[in-house]
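The block underneath contains the structure these notes are about, expressed in C-alpha cells.
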Amino acid sequence: MDEAIAEQIEYYRERAGEYDEWWVRRGQYALPPELERQWFHDVAQAETALRDFAPTGRVLELACGTGLWTRHLVGHAQHVTAVDASPEVIEHNRERLAGAPLNIEYVVADLFDWQPPSAAYDVVMFTYWLSHVPDDRLAEFWSGVRTALKPGGRAFVIDSTSPSPQPSGGRPEQRQLADGRQFTVLKRYWSVDELESDLRSRGWSPMVYTTDNQMILVATAATGPERAD
C-alpha cells in the first residue's frame with residue numbers, strides 16, 4: 001500500500017501543470033456537449049453548497065491542489081492552512097491566490113504522515129481527496145480530521161460519485177497524462193448511503209447528498225464517540 005500511495009503522489013505531482021485542464025474540460029479532458037453541460041452544472045451546485053456552508057474562521061484545507069477551491073474561501077475564512085503532498089500544485093495555488101485578502105499558510109506534506117495541530121480549526125475541508133484514501137487508512141484519516149477541529153467544528157467534503165452502482169471499497173484505477181505516461185491511483189466512488197453510514201459509525205453527524213449528476217457533497221460535525229477500528 002505504501003508503494004501505491006507513493007505512485008498516487010507522483011501522479012499528482014506530474015499532473016500539476018494539466019490539472020486545471022481537467023477542471024475546465026480542455027484538451028484530452030474535453031467532454032461531449034451534454035456531458036460538459038452536466039459537469040459545469042455540478043460545479044456550480046458544489047460552489048453554491050460551499051458558499052451556503054460558509055467556511056468561516058480558521059480553515060484547514062487538505063489536498064488543496066491548485067487552488068480551485070482555496071479561492072472560494074476568500075470572503076469566508078480568516079486564516080487557511082493549505083496542505084498538499086505536491087509542491088508543484090502548491091506553487092499553482094500560490095499563484096492563483098496571490099494578492100488575495102486572506103492569510104494562507106502553505107504546507108507541503110504527505111497527508112498520511114502529517115499530523116495537524118489539535119483543536120486548531122473551525123473547518124476542515126477537502127475536495128476530491130476522500131476517494132483516494134485507502135480503506136485501511138479511513139479510521140486514521142477521520143481521526144485526524146476530528147483531532148484538528150475545535151469543539152463544534154465542521155467538515156466539508158466534495159468528491160466523485162457514480163450514476164451507476166459501484167462495488168464497495170477502493171480499487172486501482174489507471175490514469176494517463178497528456179504525454180502518455182500512465183499511473184495507477186486508488187479510487188473509491190462513495191454512494192450517499194454508504195458514506196453516510198460510514199460517517200455515522202465513526203461518530204459524525206453528516207448531511208450527505210449529491211449534485212444532479214456526479215458529485216457527492218458532505219457537511220458534517222463530530223457529535224459522538226469515535227469508533228475504534
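If a paramagnetic tag sat 7 Å from the Cα of GLN78 along the Cα-Cβ line, which residues of the stretch 27-55 would have the backbone N under 18 Å from that point?
Hits in the stretch 27-55 for GLN78 at 18 Å: 54-55.
Report the trypsin sites (Lys or Arg not before Pro) located in the stretch 100-186 that are in a DSSP loop and have at most 16 other Cβ atoms inside 10 Å of their Cβ, or state none.
ARG181
Determine the gain in length on full extension of the stretch ASP212-ALA109; use 0.36 nm per residue of separation and subtract their C-alpha separation, reporting nm with one decimal.
Full extension from ASP212 to ALA109 adds 33.7 nm.
LEU35 versus ALA4, label points 7 Å from Cα toward the beta carbon: distance in nm?
The answer from the label model is 2.6 nm.
Of the DSSP beta bridges with both residues in the chain, give the percent that are antiparallel, rounding to the nearest 5.
Around 50 percent antiparallel, to the nearest 5.
Shape of the stretch 159-229 from its Cα gyration tensor (a ≥ b ≥ c, root eigenvalues): rounded if a/c is under 1.5, otherwise prolate when a/b > b/c, or oblate?
Judged from the Cα gyration tensor, the stretch 159-229 comes out prolate (a/c at least 1.5, a/b above b/c).
Can you show me the helix-derived [θ] at 222 nm for the chain, built from DSSP H runs with n ≥ 4 at -39,500 (n - 2.57) apiece and divided by the number of residues, rounded to the nearest 500.
-10000 deg cm²/dmol
Quick one: check the C-alpha center-to-center distance for the stretch 7-70 versus the stretch 77-109, whole angstrom.
15 Å
What distance in nm separates the two pseudo spin-label positions at SER191 and ALA44, each 7 Å out from Cα along the beta-carbon direction?
3.0 nm
Going by how many other beta carbons lie within 10 Å of each one, how would you line up ILE9, ILE158, fewest first?
Neighbour counts put them in this order, fewest first: ILE9, ILE158.
Under the 0.36 nm per residue contour assumption, what length would be gained going from the current alpha-carbon distance of ASP136 and GLN28 to full extension?
Between ASP136 and GLN28, full extension yields 35.6 nm more.
Rounded, prolate or oblate: which fits the stretch 88-229 when a ≥ b ≥ c are the square roots of the eigenvalues of the alpha-carbon gyration tensor, with rounded for a/c under 1.5 and prolate only if a/b beats b/c?
Taking the square roots of the gyration eigenvalues as a ≥ b ≥ c, the stretch 88-229 is oblate.
Sort SER201, SER160 so that the residue with the fewest other Cβ atoms within 10 Å of its own Cβ comes first and the one with the most comes last.
Placing the least packed residue first, the sequence is SER201, SER160.
Counting only C-alpha contacts under 8 Å and six or more residues apart, can you give the relative contact order of the chain as a whole percent?
Once divided by the residue count of the chain, the mean separation gives 19 percent.
Rule-based calculations on the coordinates, nothing more; no lab input. Just so it is clear, the model here is predicted, and its values are computed rather than measured. No Cβ is skipped: glycine too gets one built from the backbone with ideal geometry, and neighbour counts run over all protein chains shown.
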